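The values are calculated or read from the model by the stated rules, or taken from the named source; none is laboratory data. Source: prediction; values computed, not measured. Here the Cβ positions follow ideal geometry from the backbone for every residue, glycine too, while neighbour counts run over all protein chains shown. SASA here: full protein model, heavy atoms, side chains in, ligands and nucleic acids out. Shrake-Rupley method; radii C 1.70, N 1.55, O 1.52, S 1.80 Å.
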Amino acid sequence: MPVLNEQDYLQRAVETVLAQDIDAPTELILALGPSNDGTSELARELAQADPRIVLVDNPAADIPVGLNLAIRAGSHPTVVRVDAHSELDPSYARRALQTLDRVKAANVGGVMRADGRTPFQRAVARAYNSPIGLGGGAYHGGTHEGEAESAYLGVMRRSVLEEVGLFDESIRRGEDWELNLRIRRAGYRVWFDPSLSVTYWPRESWARLVRQFAATGRWRGELVRRFGRGNSIRFFAPPALVVTILLAMVVGVLQLTGVLAGWWSVAASLVYLPVIAYAALIIAVALGHGGGRGWRDKLWTAAVLPSMHLAWGWGFLGGVVGGAQDTVDTSRLGSRNTPLP
């Protein structure tokens, strides 16, 4: 479990891991980044109370670096990746291990069940759980078991991880997708089991959500630069939306200033159609069952969905054009803009 500024979530996350009803030796390795909210102190208290908890320092603060430190510190043949913003059902590890053996896979993952504690966080959770929100990836609500492109978190065979080289520490976001790409290219199975689910708590504010998605989109653009066709077509929808909106704005200005007129103006107006269709889709989702129960929920949903899409799409375009460079996800850092103090 990589950990950075998770004071409000860490204890419950740790409790659900330690409560796994598996008849086998286990350990929980926390890779501690340089938190400034009391998280590290809480982690030390938890470790003192339970010998199964092992602490390793992750001064770089990057997730893949922390994951590799934790994996190397482990001593068992199966690695279960967990998140400090997640909660596991007591049977999660046992059932995942059964699936891992049953289908002869190298990595098994289930469904991310996002949830929220505030109206805004619940709106983000609804967006996560909707195929409209995050593009329909299997682990955001899939119901059919089978081979998958990637796995949420993941229950992995250590031997395969060591064979393919663990996580790529040059990738700060999308590191799980890239690892699973290497696992699949090495001839192993990545498997989705919808009977497995993990509760995930998304970002608590609009600013943090936008920062998260902008950074994630930027790194997806970097992954497109590196792996090209290895990326699913669904990743290109948000940047296409951003480009279309920008084109519509340009056409609107040219029409208002008289530069575009007559049939040229009519033809150029076609660019408005996908923007109108997108707006109608967002309104339909917000007003429907997926938008929540009251008007407040529906308004939050209508605001959250385009915020996620546009931030991700804008970041993607920046990543494709200029690469991710030193982009980090600062959404867990409050007012800080770097993971390091």
Working only within the stretch 5-28, note down all residues that are open to solvent by less than 80 Å² (accessible area, probe 1.4 Å), out of contact with any helix residue (DSSP H, G or I) (no Cβ under 7 Å at 6 or more places or on another chain) and either under 26 Å from Asp115 (Cβ atoms) or modelled with pLDDT of 95 or more (or both).
-> Tyr9, Ala13, Thr16, Val17, Leu18, Ala19, Thr26, Glu27
So which pairs qualify, if the first residue must be in the stretch 184-197 and without any contact (Cβ under 8 Å) to a residue 60 or more places away in the chain, the second must be part of a strand (DSSP E or B), the Cβ gap must be under 8 Å, and the two must be at least 6 apart or on different chains?
-> Arg184/Val190
Select from the stretch 206-242 the residues that are of a type in the set (S, T, N, Q) and touching a helix residue (DSSP H, G or I) at 6+ places or on another chain (Cβ under 7 Å) and write down the one among them that is farthest from Arg182 (Cα to Cα).
-> Thr216
Taking Arg220, is it open to solvent by less than 60 Å² (accessible area, probe 1.4 Å), at pLDDT 95 or above and among the charged types (D, E, K, R)?
-> yes
In the stretch 244-254, the residues that are open to solvent by 50 Å² or more (accessible area, probe 1.4 Å) and under 16 Å from Ile276 (Cβ atoms) | Leu246, Leu247, Met249
Number of the condition not met by Gly154 [criteria: (1) out of contact with any Ser or Thr (no Cβ under 8 Å at 6 or more places or on another chain); (2) touching a residue at least 60 places away in the same chain (Cβ under 8 Å); (3) open to solvent by less than 20 Å² (accessible area, probe 1.4 Å); (4) part of a helix (DSSP H, G or I)] | (4)
Tally time: how many residues in the stretch 287-328 are hydrophobic (A, V, I, L, M, F, W, C), out of contact with any Phe, Trp or Tyr (no Cβ under 7 Å at 6 or more places or on another chain) and not in a helix (DSSP H, G or I)?
-> 1
The stretch 124-146, residues that are open to solvent by less than 40 Å² (accessible area, probe 1.4 Å), assigned to a helix (DSSP H, G or I) and modelled with pLDDT of 85 or more | Val124, Ala125, Ala127, Tyr128, Gly133
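Residue by residue, here is whether (1) polar (S, T, N, Q); (2) outside any helix (DSSP H, G or I); (3) under 21 Å from Trp300 (Cα atoms); (4) without any contact (Cβ under 8 Å) to a residue 24 or more places away in the chain holds:
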residue	(1), (2), (3), (4)
Pro239	no, no, no, no
Ala248	no, no, no, no
Leu254	no, no, no, yes
Val259	no, yes, no, yes
Trp263	no, no, no, yes
Ala267	no, no, no, yes
Val271	no, no, no, no
Pro274	no, no, no, no
Ala280	no, no, yes, yes
Residue count, the stretch 282-306 (criterion: touching a residue at least 40 places away in the same chain (Cβ under 8 Å), open to solvent by 20 Å² or more (accessible area, probe 1.4 Å) and either of a type outside the set (Val, Ile, Thr) or on the phi > 0 side of the Ramachandran plot (or both)) = 5
Test set (1) farther than 30 Å from Ala61 by Cβ; (2) open to solvent by 30 Å² or more (accessible area, probe 1.4 Å) - Ser265 fails condition number | (2)
Strands (runs of 3 or more DSSP E) wholly inside the stretch 29-101 that include at least 3 residues being open to solvent by 10 Å² or more (accessible area, probe 1.4 Å) and out of contact with any strand residue (DSSP E or B) (no Cβ under 6 Å at 6 or more places or on another chain) | none
Scanning for something of a type in the set (Lys, Arg) and modelled with pLDDT of 90 or more, does the stretch 293-301 turn up at least one residue?
-> yes
Could you identify the single residue in Arg229, Arg184, Arg225, Arg211 that is open to solvent by 50 Å² or more (accessible area, probe 1.4 Å), in a helix (DSSP H, G or I) and in contact with a Ser or Thr (Cβ under 8 Å, 6 or more places away or on another chain)?
-> Arg211
